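Below: one structure, written as structure tokens.
What follows draws every value from the coordinates through simple rules; no lab data is involved. Bear in mind the structure is a predicted one, so any value in this text is a computation, not a measurement. A quick note on method: Cβ atoms are made from the backbone with ideal geometry, for glycine too, and the neighbour counts reach across all protein chains shown.
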């Protein structure tokens, strides 16, 4: 498993002094980016070949959120390639080596010019050494949307929402969703289903509903009423 060690920063904390759920997502995403760069098949490699990895879904489980200054080890391991799809696990461990958060993800490799899916190159398949799936309760990729959603205020996409590919960063969808639910929730599991890329100056409208088990589901739609992203926030029992 590829790993890097880091410390929790003040800028990543919520009002309770713990790492924010969306910041945890950023740590995991950065870890896979670091691995790709270290293997020589990162952003530059993809750009030269008009390819991009597009995140299709997240399932992140947090046993606890670390505090300011804690030293943590973040790791990632691809465990399967299936045609144009890549499956990858993530873990975060504390200084004692205890697993405090973990995740499953699905990425799709896309041809930038045609927007069609494409298979990884032989070099990519050779360098991404596959490992075993980590033990966790794997949820379906697709998120069920409950009835009775409440419409929220529109969000205009601004430059700070974008990443190097000029569309909304994966973590920004979660930040937007978190702003649509009550403050202070203890999120145990975060699931995200990405459906359509969103670009600068587009407008998203959130629709918030709750499942029978009490989880919040935030659906983000564009002005054409197309679903761009679905975020499910499962709260920890207090």
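Summary of computed values
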{"quantity": "All-pairs alpha carbon distance profile, the range 144-213, 10 Å steps from 0, percent", "calculated": "16, 51, 29, 4"}
{"quantity": "Principal axis dimensions, the range 122-238 - Cα atoms, whole angstrom, descending", "calculated": "47, 38, 24"}
{"quantity": "Calculated FRET value between residue 197 and residue 150, using beta carbons and R₀ = 30 Å, to 0.05", "calculated": "0.75"}
{"quantity": "Kirkwood-based shape ratio for the range 85-186, expressed as Rg/Rh from alpha carbons", "calculated": "1.01"}
{"quantity": "Residue-averaged [θ]222 nm for the chain, counting only DSSP H segments that reach four residues, each worth -39500 (n - 2.57)", "calculated": "-5000 deg cm²/dmol"}
{"quantity": "Residue 43/residue 10 FRET efficiency (R0 35 Å; Cβ-Cβ; nearest 0.05)", "calculated": "0.80"}
{"quantity": "Fewest-first sequence of 92, 118 by Cβ atoms within 10 Å of each Cβ", "calculated": "118, 92"}
{"quantity": "Likely footprinting exposure, 224, 37, 22, fewest C-beta neighbours within 10 Å first", "calculated": "224, 37, 22"}
{"quantity": "Computed FRET value (nearest 0.05) for residue 183 with residue 1, which takes r as the C-beta separation and R₀ as 30 Å", "calculated": "0.30"}
{"quantity": "Rough spin-label spacing in nm, given labels placed 7 Å along Cα→Cβ, for residue 211 and residue 118", "calculated": "3.6 nm"}
{"quantity": "Rg(Cα) / (2.2 N^0.38 Å) computed for the chain, rounded to two decimals", "calculated": "1.00"}
